[in-house]
Amino acid sequence: MQPERNDDLDFVDFAWQRRDDVLQLGIEHAALVALSVTISAALGVLLGVLSYRSPTARSAVIAVTGAFLTIPSFALFVLLLGIVGLGTAPVVIALTMYGLLPVVRNTITGLLQVDPAIVESALGMGLSRRQRLLRIELPLAWPVVLTGIRVSTVVLVGIAAIGAIVNGPGYGELIFTGLARVGSPVAVNLVLAGTLGVVVVAVVFDAAFTLLGKLTTSKGLR
Amino acid sequence: MTASTDWATVRPPGTDPARGGRWWPWIGRLALPVVLALVLLALWLYVGSQELDSIEARSLTAETIGETAARHVALTAVSTVLVVALAVPLGILLTRPFTRRYRGLLLTVANIGQAVPTIGLLALLAVAFFFLGFWAAVVGLVAYAVLPVLRNTMVGLEGVDPAVLEAGKGMGLSGRQVLRRLELPLAVPVILAGIRTALVINVGTATLAAYINGGGLGTLIVAGFSTNRFLVSLTGAVLTAVLALLVDHLAGIAEDVLKPKGL
């Protein structure tokens, strides 16, 4: 019991001592994910909207974005490193690629689920194709789309930690620094701080999505 | 992949790549291996055209590459088998009526656990418990890939039409027989999809095993970084990506073949 308690105290002391650093990395991590997921969501919804009416197009889009997600992140970061160099750029590109599939898939699912009778009546009211999409179909599909974006976000928060190998920002730095010091007492604290930091970022994003869901879902659907 | 909802595990209708049309299954099944073979050929020609120094030459022998690739496959295979052996029975157990009260709690814990980054968990095994090597990597891999199989087993079993179960009972089947002859076969497609997800996660995570001396193709990437030889890292990365895409592709074909007929 005793040594465990000491370890806990050590970690709290450690985190408190480095609170500025830990907070800074947290903000970096969250900003990185927010940027990537925003690009992913925009591209993903666009791809979903463009492809959902044709079975061949949606199969192709889902196959390609699915293949992105299949490529191990460690490998993709290295491949992108060869193209765009070190830093934030390869991480943002990789995360954007990884975030596409859940958004595309849910956009397609959501749009296909819209009751044809509703679209029919919108057509009867004289709404154009664009108006039907923007005012009827997308709002009805939105909760499903948002779930996709949320899924992407959770995935990206975790993958972002690996971005540290190409000098990406965020908590991965603590984890990899700790790994490089296996055996020294500070290693456990570094890895623990990085890992818990990532979990906290994920929980914060999740809470934000619950709020966003309430704010952005059409009143009739709540 | 780490969704807490069914949306992530259920394909939208008509988007199964293998069912897009009459010509899709065959062109689809052959196209990817051909593309991957071309990528490997391009890599081989590129590496061959470079002037290799002694470090690069030593890291890129056919023997080293074969060994790391075999180790990568072993890591993936062992952990996927363990995941299936753990998660399917657990999923069955958690859909029986007597475990209902623990279900929500367990899934909540599992979903929070999923937010722990892979590299963080592997690193903790190494720095906190000094647990390194092949089996440490397997522990990390299994911990990550359990959830999709568990979730899909539960979703698959719960998705079986209660009327079918009722009919089975009406025919005089016992609870165990209903499970074995009706529920499980009907849930197989969803469970297989979960296993495929787990397999893909494992191929990817196995890359990180290099950081805790677990071996695998990640070793090449890490070796390239630590010796400042990008060519070695690049080779590791391309091989990892090709392996992952190939494994997913084969799993997709297996999924189609293993699906019970008549569903």
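Every number in this text was worked out from the coordinates using simple rules, so none of it is lab data. Keep in mind that what you see is a predicted model, and the values were worked out from it rather than measured. No Cβ is skipped: glycine too gets one built from the backbone with ideal geometry, and neighbour counts run over all protein chains shown.
Estimated translational diffusion coefficient (Stokes-Einstein, Kirkwood radius over Cα pairs, 10 °C, 1.306 mPa s) of region B:47-141: 94 µm² per second. Computed about its Cα centre, the charge dipole of the protein assembly as shown is approximately 1780 debye, with only Lys, Arg, Asp and Glu carrying charge at their Cβ.
In percent, rounded to a whole number, the relative contact order of region A:6-221 is 27, using alpha-carbon pairs under 8 Å and six or more apart. With only Cα atoms counted, region A:101-222 has Rg and Dmax values of 21.1, 72 Å. Approximating the spin labels as points 7 Å out from Cα along Cα→Cβ, the A:ILE27-to-B:SER49 distance works out to 4.7 nm. Projecting label points 7 angstrom from Cα along Cα→Cβ for B:ALA110 and A:ASN167 puts them 4.2 nm apart. Counting only Cβ charges, +1 for Lys and Arg and -1 for Asp and Glu, the dipole size of chain B around its Cα centre is about 1000 debye.
Qualifying chymotrypsin sites (Phe, Trp or Tyr not before Pro) in region B:18-109, where qualification requires a DSSP coil assignment and no more than 11 other C-beta atoms within 10 Å, comprise B:TRP23. When Rg and the Kirkwood radius Rh are both evaluated on Cα atoms of the protein assembly as shown, their ratio Rg/Rh stands at 0.98.
Charges were assigned to the Cβ only: +1 to each Lys and Arg, -1 to each Asp and Glu. The resulting dipole of region B:162-241 about its Cα centre is roughly 160 debye. Comparing A:ALA15, A:VAL91, A:LEU196 along the charge dipole axis of chain A, the residue lying farthest to the positive side is A:VAL91, per the Cβ-charge model.
Normalised by 2.2 N^0.38 Å, where N is the number of residues, the C-alpha radius of gyration of chain B stands at 1.17. In summary, the lysines within cross-link reach of B:LYS261, defined as a Cα separation below 25 angstrom excluding same-chain residues under 8 places away, comprise B:LYS169. For region A:134-200, the set of trypsin sites (Lys or Arg not before Pro) satisfying both a DSSP loop assignment and a count of at most 16 other C-beta atoms within 10 Å is given as A:ARG181. Report, in degrees rounded to the nearest 10, the 0 to 90 angle that the Cα long axis of helix A:73-84 makes with the longest principal axis of chain A. Tilt of helix A:73-84: around 80 degrees. Between the residues A:ALA208, A:SER36, A:LEU79, the greatest Cα displacement towards the positive end of the dipole of the protein assembly as shown, with unit charges on the Cβ of Lys, Arg, Asp and Glu, is found for A:ALA208. What the Cβ-Cβ distance of A:ALA60 and A:ASP20 gives, at R0 = 35 Å and to the nearest 0.05, is a FRET efficiency of 0.15.
When the Cα positions of B:TYR211, B:PRO148, B:PRO260 are compared along the charge dipole of chain B, B:PRO260 comes out farthest toward the positive end, with charges on each C-beta of Lys, Arg, Asp and Glu.
Across region A:33-50, coupling constants 3J(HN,Hα) worked out from phi with the 6.51/-1.76/1.60 Karplus curve, θ = phi - 60°, read 5, 4, 4, 5, 6, 5, 4, 4, 5, 4, 5, x, 5, 4, 4, x, 4, 6 Hz, and Gly and Pro carry x.
Using the beta-carbon distance between B:PHE230 and B:LEU86 and R0 = 25 Å, what value does 1/(1 + (r/R0)^6) give for FRET efficiency, to the nearest 0.05?
0.05
Calculated FRET efficiency, B:GLU63 to A:MET125, Cβ-Cβ distance, R0 = 56 Å: about 0.20 to the nearest 0.05.
Approximating the spin labels as points 7 Å out from Cα along Cα→Cβ, the B:ARG101-to-B:PHE130 distance works out to 4.3 nm. The Cα atoms of chain A define a convex hull whose projected area, averaged across directions, is 15.3 nm². Out of every Cα pair in region B:176-263, what percent are spaced more than 17 Å from each other? When every Cα pair of region B:176-263 is considered, 59 percent fall beyond 17 Å.
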